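Below: the structure, in structure tokens.
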Amino acid sequence: MSNLKYNFIGCDKPYEESDIVIFGAPYDGTASFRAGSRFAPDAVRLVSDAIETYSPYADVDIEEDFNICDAGNVEFSFGNRELALSEINKKAYEIINDDKKFLCIGGEHLVSLPLVQAVKEKYEDLVIIHLDAHADLRDDYLGEKLSHATVMRRVSELVGIENIFQFGIRSGTRDEFNLMRDANTLDREISSVISVIENKPVYLTLDVDILDPSIMPGTGTPEAGGWTFVRILNFINSIRGLNIVSADVVEIAPDYDLSGNSSVTGAKLCREVLALL
Ligand SMILES: [Mn+2]
């Protein structure tokens, strides 16, 4: 793990005393359009000072009410995808096996695969809530099986597609949309989803491009027609009672937003996800 220049606001407990661990997985090696999410973990930490540790939506103060450790970033060589994914998996596995939860800041969406693999080892009946603009259900992308465009397909092979619940998707191929319709994964009524999964461990994967590019321009594959921030807050509020065992926030690419707002918005999303854990 890399040395930490700044921790995420309020996440300053030692690892041994922590219940939740935040860490960065700055991998963006398969980004198909604009790379740059490797810079997200540190950019988000740096600006997190601009937000409060208290969430008025959850009535939770992540510093006072939780014991959160910021463990820094997983280090790996960029030229070797398998090695990078295996280092990310190792970190997640270690945290889960120490009976802690994690929030991982990507990185691109492919990092969710080694994260889910680690969590699934411990929680056999794991279900996935997937927030994204993109289906990410291609079987391959230009012949490549391991890509940010195929990540949910690979995840579905781990957990079963019937255990994936997708929201906000507005981009994909006809095959991907047919698959989502056939498996009934997309935009189901949240109350009916909750009744199905309320007794199961849940992993939340949040691709920030679910938000409209007007409020989240700092992302690798922006897709117009997205959610507002209030809508995602309402969604997060609606799943607050679930047993969310770990989560990731991926695809923030800070340098495409010269205003810096995307990093601040990303930090606020991370706080709200921490408050869910
Ligand atoms: Mn996406």
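A few notes on this one:
- Output for the range 197-240, where each listed residue is open to solvent by 20 Å² or more (accessible area, probe 1.4 Å), polar (S, T, N, Q) and either in contact with a strand residue (DSSP E or B) (Cβ under 6 Å, 6 or more places away or on another chain) or assigned to a loop (DSSP other than H, G, I, E, B) (or both): Asn199, Ser214, Thr221, Thr228
- Yes/no for Ser171 being polar (S, T, N, Q) and under 21 Å from Ser112 (Cα atoms): yes
- Restricting the range 111-130 to residues that are part of a helix (DSSP H, G or I) and within 10 Å of the chain's Cα centre (by Cα), the residue that is nearest to the ligand (Cβ to nearest atom) is Ser112.
- Checklist (1) touching a residue at least 24 places away in the same chain (Cβ under 8 Å); (2) open to solvent by 10 Å² or more (accessible area, probe 1.4 Å); (3) closer than 17 Å to Val159 by Cα applied to Glu124, failing item: (1)
- Subset of the range 83-97 [open to solvent by 10 Å² or more (accessible area, probe 1.4 Å) and without any contact (Cβ under 8 Å) to a residue 60 or more places away in the chain]: Leu83, Ser86, Glu87, Asn89, Lys90, Tyr93, Glu94, Asn97
- Residue that is among the β-branched types (Val, Ile, Thr) and over 17 Å from Asn163 (Cβ atoms), where the choices are Ile215, Ile239, Ile244: Ile215
- Qualifying residue in the range 7-19 (condition: touching a residue at least 24 places away in the same chain (Cβ under 8 Å), in a helix (DSSP H, G or I), crowded, with 20+ Cβ neighbours inside 10 Å and aliphatic (A, V, I, L, M)): no
- Selection status of Ser147, open to solvent by less than 10 Å² (accessible area, probe 1.4 Å), within 16 Å of the ligand (Cβ to nearest atom) and in a helix (DSSP H, G or I): no
- Failed condition for Arg138, given (1) open to solvent by 40 Å² or more (accessible area, probe 1.4 Å); (2) touching a residue at least 40 places away in the same chain (Cβ under 8 Å); (3) not in a helix (DSSP H, G or I): (2)
- Checked across the range 69-82, the condition of being within 30 Å of Pro213 (Cα to Cα), within 14 Å of the chain's Cα centre (by Cα) and in contact (Cβ under 8 Å) with a residue 40 or more places away in the chain holds for no residue.
- A residue that is touching an Asp or Glu at 6+ places or on another chain (Cβ under 8 Å) and either part of a loop (DSSP other than H, G, I, E, B) or of a type in the set (Gly, Ala, Ser) (or both) occurs somewhere in the range 91-104.
The values are calculated or read from the model by the stated rules, or taken from the named source; none is laboratory data. This structure is a prediction, so every number in the text was calculated from the model and none was measured. FYI the Cβ positions are ideal-geometry reconstructions off the backbone, even for glycines, and counts take in every protein chain you see. We work out accessible area using only protein heavy atoms, side chains counted, and drop any ligands, DNA or RNA first. Shrake-Rupley method; radii C 1.70, N 1.55, O 1.52, S 1.80 Å.
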